[in-house]
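Each remark here refers to the structure printed beneath this line.
Nothing in this text is a laboratory measurement; each read-out follows from the coordinates by a stated rule. For clarity, every value in this text was computed on a predicted model and none was experimentally measured. Every residue, glycine among them, receives a Cβ derived from its backbone with ideal geometry; neighbour counts consider all protein chains shown.
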2 protein chains.
Amino acid sequence: MASQDGVGRAADPVVRSIEEDIHSGELTDGQPLPTERHLMDKFGVSRTVVREAMRLLSSRGLVEARPRHRPVVRKPGFDTAVDVAGSIVSHMLSLPGGVKNLFDTRIMIEAALVRQAATHADKQSIVALKAALEANEAAVADSELFYQTDMRFHAVLYDIPKNPVLPAIHKAFTTWLAPHWSQMPRLPDRNRENYRAHKAIFEAILMRDPDSAEAALRDHLEAAWSQVRATFGDI
Amino acid sequence: MASQDGVGRAADPVVRSIEEDIHSGELTDGQPLPTERHLMDKFGVSRTVVREAMRLLSSRGLVEARPRHRPVVRKPGFDTAVDVAGSIVSHMLSLPGGVKNLFDTRIMIEAALVRQAATHADKQSIVALKAALEANEAAVADSELFYQTDMRFHAVLYDIPKNPVLPAIHKAFTTWLAPHWSQMPRLPDRNRENYRAHKAIFEAILMRDPDSAEAALRDHLEAAWSQVRATFGDI
DNA sequence: CAAATTTTTTGGTATGATCAAATCTAACAC
DNA sequence: GTGTTAGATTTGATCATACCAAAAAATTTG
């Protein structure tokens with residue numbers, strides 16, 4: 001709830017104006033904003049306020065403010081929201097059970113995805129999934145590459161419904177869970193096991209069998225979780 | 001992606017320190033932060049930097065900075081992340097298809113939820129769901145109350161897995177989609193129709209039949225979507 | 001014309017001042 | 001003793017100015 005407190009900040013009008021310009025396309029993606037000194041002229045405020053406005057905009061993901069550079073306009077996508085929420089989530093992941101809760105959510109969503117894939121995936125998606133699976137198989141010996149193809153395989157699942165929200169969710173899961181994953185020991189045996197799990201999922205989708213697909217996916221991710229648990233203990 | 005650019009901001013150490021204090025419980029929830037002048041003393045930086053740090057913290061949801069008040073520590077929950085991401089998402093919802101994509105995501109997730117409810121819901125959850133359903137029925141004549149009990153019914157679905165991430169997701173959906181929903185005409189007939197849909201979902205869960213539950217839920221939400229569409233046209 | 005160098009611009013930070021809202025303090029009435 | 005209120009003080013918000021170092025632009029140089 002955005003609680004208004006009677007008085008607004010002086011930076012507010014500046015933010016709103018720039019927000020509108022971005023929204024209306026006046027300021028387009030990648031374009032640098034006017035200089036701070038120019039903006040203080042334009043809005044008749046001090047530089048303090050201009051900088052305050054910049055920071056508000058950047059916290060909303062509308063501009064990207066690299067330290068000593070001109071702020072750059074950035075029209076947000078769903079994944080920008082993930083970026084912004086990231087720092088908060090990472091705080092919560094350190095709470096007891098935080099990672100587990102997030103991982104369970106991932107299992108639930110991917111279970112839904114594979115069901116959807118099994119019932120509705122079009123030919124093109126199946127092809128993409130098959131390609132990802134083969135790349136995964138080819139990478140069994142190279143753990144780093146396997147990690148990437150593993151992520152890619154799951155990413156394809158999120159692409160299947162052709163809903164841009166879902167890839168953003170996938171990005172959220174990977175970036176938020178990665179710290180706990182990337183420290184895990186990588187073993188070819190384990191890679192092979194994971195590849196087989198992917199293959200089982202793929203085949204269930206191919207057979208248009210949502211129940212098997214979901215079961216295979218759950219097996220896979222729950223096994224992955226117990227691996228994590230074995231590595232880190234209770235988290 | 002948190003792109004590091006060689007040089008860090010001077011506010012960074014301040015942010016990190018306070019972040020840690022909040023995290024470690026040194027600064028507890030609801031407690032006001034030290035004054036700006038005190039902080040500049042403590043960290044040996046100018047007030048500019050202290051204020052910059054405050055802005056960063058508040059953009060991360062770790063402190064709540066009401067305009068003329070002392071910033072207040074706020075230990076973030078998953079729903080804080082929703083708050084922070086909110087302004088971005090609302091920007092994107094105005095893009096063509098934005099609302100539809102979000103709504104489709106909601107359908108997918110709730111479909112997964114009712115499946116889960118049908119297979120794993122414990123007795124207590126069933127009771128809660130039944131209570132929500134009855135409240136919903138009792139409110140058919142009062143559209144405003146019906147709206148609330150409707151939301152409540154769905155909220156119970158998100159509570160069933162006892163995973164705090166899910167209620168946060170529900171909050172996200174409701175707050176982000178509410179603007180489009182709340183303008184809809186409320187009619188007792190429509191309420192009754194929605195109640196019947198809820199009842200069908202509940203009964204399928206009671207029968208431990210995930211397929212029927214999912215089907216009933218999809219019917220329900222897709223009908224709701226076509227109502228929205230009939231009201232607003234293509235969005 | 002391209003590369004290196006100088007100049008100008010611009011963002012980051014520090015200081016100090018002013019103002020109004022909050023907060024604290026103390027006098028005061030009941 | 002308690003609650004209220006007027007006054008003093010603190011404190012956040014904003015402004016103005018200055019300085020520095022990095023970036024960008026302009027200029028010289030090979």
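What to note about this one:
- Once Rg and the Kirkwood radius are both taken over the C-alpha atoms of the range A:106-151, their ratio Rg/Rh works out to 1.06.
- Copy-to-copy label separations for A:THR48, where each label sits 7 Å from Cα toward Cβ, in nm and ascending: 1.2
- Length gained when the stretch A:SER182-A:ARG229 is fully extended (0.36 nm per residue, less Cα-Cα span): 15.6 nm
- Axis of helix B:210-232 versus longest Cα principal axis of chain B: the two differ by about 80°, to the nearest ten degrees.
- Only helices enter the 222 nm calculation for chain A: every DSSP H run of n ≥ 4 contributes -39,500 (n - 2.57), and dividing by all residues gives -23500 deg cm²/dmol, rounded to 500.
- The alpha carbons of the range A:1-90 occupy a box of 37, 34, 27 Å along the principal axes, longest dimension given first.
- Tail beyond 18 Å, pair distance distribution of the range A:113-197 (Cα, percent): 46
- Angle in degrees between helix B:143-159 and the longest Cα principal axis of chain B, rounded to the nearest 10: 70
- Per DSSP, loop GluC sites (Glu not before Pro) in the range A:1-85 with at most 16 further Cβ within 10 Å: A:GLU26
- When the charge dipole of the range A:76-150 is built from unit charges on Cβ atoms (+1 for Lys and Arg, -1 for Asp and Glu) and taken about the Cα centre, the candidate among A:GLY86, A:ALA138, A:ALA117 whose Cα reaches farthest toward its positive end is A:ALA117.
- The range B:134-175: C-alpha gyration tensor shape, a/c 1.5 cut-off, then a/b vs b/c: oblate
- In chain B, the longest principal axis of the Cα atoms and the axis of helix B:78-93 are about 80 degrees apart.
- The HN-Hα couplings worked out from phi for the range A:175-180 by the Karplus form 6.51 cos²θ - 1.76 cosθ + 1.60 (θ = phi - 60°) are 5, 7, 8, 3, x, 7 Hz, whole numbers, x standing for Gly and Pro.
- Relative contact order (%) - criterion: Cα under 8 Å, at least six apart; region: chain A: 20
- Here chain A is scanned for trypsin sites (Lys or Arg not before Pro) in DSSP loops (not H, G, I, E, B) that have at most 14 other Cβ atoms within 10 Å, and the longest stretch holding none of them is A:69-161.
- Relative exposure of A:SER58, B:SER90, A:SER46, judged by other C-beta atoms within 10 Å (fewest first): A:SER46, B:SER90, A:SER58
- All other residues whose Cβ lies under 13 angstrom from that of A:ARG186 are scored, Lys and Arg at +1 and Asp and Glu at -1, for a net of -3.
- Here the dipole of the range A:5-137 is about 340 debye; that uses its Cα centre as origin and unit charges on the Cβ of Lys and Arg (positive) and Asp and Glu (negative).
- Within straight-line cross-link reach of A:LYS162, lysines at Cα separation under 18 Å, skipping those fewer than 8 residues along the same chain: A:LYS123, A:LYS130, A:LYS171, B:LYS100
- Reciprocal of mean inverse Cα separation for the range A:77-164 (Kirkwood radius, Å): 14.9
- Here the protein assembly as shown is treated as a Stokes sphere of Kirkwood radius computed over C-alpha pairs; at 4 °C and 1.567 mPa s its diffusion coefficient rounds to 53 µm²/s.
- Fewest-first ranking of A:ILE22, A:ILE107, A:ILE201, using other Cβ atoms within 10 Å as the exposure measure: A:ILE107, A:ILE22, A:ILE201
- Basic side chains Lys and Arg get +1 at the Cβ, acidic Asp and Glu get -1 at the Cβ, and with that the dipole of chain A about its Cα centre reaches some 560 debye.
- Ratio of the Cα radius of gyration of chain A to 2.2 N^0.38 Å, where N counts its residues: 1.28
- FRET efficiency for B:ARG70 and B:HIS23, using Cβ-Cβ distance with R0 set to 25 Å, rounded to 0.05: 0.80
- In a reduced charge model with +1 at each Lys and Arg Cβ and -1 at each Asp and Glu Cβ, the protein assembly as shown shows a dipole moment near 1120 debye about its Cα centre.
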